[in-house]
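Read the structure below first, then the notes.
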Amino acid sequence: MSGQTYDDNNIFAKILRGEIPCHKVYEDDDTLAFMDVMPQAPGHLLVVPKSQSRNLLDADPAALSKTIPVVQKLAKAAKEAFDADGIFIAQFNEPAAGQTVYHLHFHVIPRREGEPLRPHSGKMEDGDILKTNAEKIRAAL
Ligand code: AMP
């Protein structure tokens, strides 16, 4: 499964089509952002362009130009909402680099001094906590 084409049965395509739920943080014509269900830190969210690409390598630069300002907007909101010392942006391309969902997405992860990052795709978070955290970020937007 590496270096292949876009498969529209991936889980983020299903979220974009409304077939499965998410804890939404932000949406506009080109972009959706929602909470990561296995957060590496409180407030970990994902920014997902609505246009189809497997990852950064096959993305249309015009689509990226819509996505990155949203990554910035949500990084600022998450920093404020979680009183974070910093924000980690992560983005994985292909399995060898750690990618597990094959629709382009950017991780926005609040970081606090001395607080270790939890493992990537680790433990599922409680739905009520994700809901509360999504509300906190929305309130900071
Ligand atoms: P990666 O493709 O490795 O960049 O990571 C995919 C991310 O999606 C991981 O951090 C998962 O915890 C997260 N994830 C997987 N399924 C869902 C889902 N249904 N809703 C929200 N996040 C998800």
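The values are calculated or read from the model by the stated rules, or taken from the named source; none is laboratory data. Computed from a predicted structure; not experimentally measured. Here Cβ is always computed from backbone atoms with ideal geometry, including for glycine, and neighbour counts include all displayed protein chains. Ligands, DNA and RNA are stripped out before the accessible areas are found, and what is left, the full protein with its side chains, is counted by its heavy atoms. Shrake-Rupley method; radii C 1.70, N 1.55, O 1.52, S 1.80 Å.
Being over 24 Å from residue 14 (Cα atoms) and of a type in the set (A, V, I, L, M) narrows it down to one residue among 141, 46, 64; which is it?
Numbers: 46 fails: over 24 Å from residue 14 (Cα atoms); 64 fails: over 24 Å from residue 14 (Cα atoms).
Within the list 141, 46, 64, the selection yields 141.
Give the residues of segment 44-65 that are over 15 Å from the mean Cα position of the chain (by Cα) and among the charged types (D, E, K, R), sorted by residue number.
Hits for segment 44-65 are 58, 60.
Can you report the number of residues in segment 99-126 which are small (Gly, Ala, Ser), in contact (Cβ under 8 Å) with a residue 12 or more places away in the chain and exposed (fewer than 12 other Cβ atoms within 10 Å of the Cβ)?
The total comes to 1.
Quick one: in segment 99-136, which of the residues that are within 9 Å of the ligand (Cβ to nearest atom) and modelled with pLDDT under 95 is farthest from residue 53 (Cα to Cα)?
122
For (1) closer than 24 Å to residue 95 by Cα; (2) open to solvent by less than 60 Å² (accessible area, probe 1.4 Å); (3) of a type in the set (Val, Ile, Thr); (4) within 11 Å of the ligand (Cβ to nearest atom), each residue gets a yes or a no:
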residue	(1), (2), (3), (4)
6	yes, yes, no, no
10	yes, yes, no, yes
21	no, no, no, yes
27	no, no, no, no
34	yes, yes, no, yes
37	yes, no, yes, yes
42	no, yes, no, no
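Just to check your reading of the model, which residue among 70, 25, 37 is β-branched (Val, Ile, Thr), within 19 Å of residue 133 (Cβ to Cβ) and in contact with a Ser or Thr (Cβ under 7 Å, 6 or more places away or on another chain)?
Just one listed residue meets the conditions, 70.
Please work out if residue 79 is among the basic types (Lys, Arg) and closer than 19 Å to residue 116 by Cα.
On the way: among the basic types (Lys, Arg): yes; closer than 19 Å to residue 116 by Cα: yes.
The answer is yes for residue 79.
Is there any pair linking a residue in segment 2-29 that is in a loop (DSSP other than H, G, I, E, B) to one that is open to solvent by 70 Å² or more (accessible area, probe 1.4 Å) and of a type outside the set (A, V, I, L, M), with Cβ under 7 Å and at least six apart or on different chains, and which?
6/52; 8/52; 23/131
Within segment 69-82, does at least one residue satisfy the condition of being over 16 Å from residue 27 (Cα atoms) and either in contact with a Phe, Trp or Tyr (Cβ under 9 Å, 6 or more places away or on another chain) or aliphatic (A, V, I, L, M) (or both)?
Yes, some residue in segment 69-82 is over 16 Å from residue 27 (Cα atoms) and either in contact with a Phe, Trp or Tyr (Cβ under 9 Å, 6 or more places away or on another chain) or aliphatic (A, V, I, L, M) (or both).
Just the residues that are open to solvent by less than 80 Å² (accessible area, probe 1.4 Å) and either closer than 20 Å to residue 31 by Cα or not charged (D, E, K, R) (or both), please, taken from segment 83-98.
The answer is 84, 86, 87, 88, 89, 90, 91, 92, 93, 95, 97, 98.
Does residue 70 satisfy being touching a residue at least 24 places away in the same chain (Cβ under 8 Å), buried (at least 17 other Cβ atoms within 10 Å of the Cβ), within 15 Å of the ligand (Cβ to nearest atom) and β-branched (Val, Ile, Thr)?
no
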